[in-house]
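Nothing in this text is a laboratory measurement; each read-out follows from the coordinates by a stated rule. Just so we're clear, the structure is a prediction, and the values are computed from it rather than from any experiment. As a convention, Cβ positions derive from the backbone with ideal geometry for all residues, glycine included, and neighbour counts pool all protein chains shown.
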C-alpha cells in the first residue's frame with residue numbers, strides 16, 4: 001500500500017481524570033498547610049476532632065481535585081493521599 005497523509009479532522013476526546021483524596025484524621029495535626037496550598041479548595045478543616053482533640057483536615061470538594069499533589073507533598077505528617085481513580089463515583093468513595 002501507499003503511505004497515507006490522511007489525518008483525523010477532530011482530535012480524539014480527552015477524558016477528564018478523576019482523583020480520590022483521602023485524609024488520615026488520626027495522623028493529621030491540623031496545621032492547615034494543605035488548605036492553604038490547595039489551589040481549588042478541595043480540603044478544609046472539619047468540625048470533628050481526632051483522639052488528640054485536634055480539628056483535622058477533611059475532603060470538602062472531592063470532584064474539584066486535579067491531582068496536582070500539592071497537599072500530599074506539603075503535609076508534614078504524611079496524612080494525605082491522592083490516587084487516580086477510574087470514575088467520579090470512586091472519587092466520592
- Message: Report the rotationally averaged projected area of the chain based on its alpha-carbon convex hull, in square nanometres.
- Response: 8.9
- Query: Between residue 92 and residue 55, how many nm apart are label points set 7 Å from Cα along the C-beta direction?
  - Reply: 2.7
- Rounded Å value of the spacing that divides the Cα centres of region 61-93 and region 17-51: 9
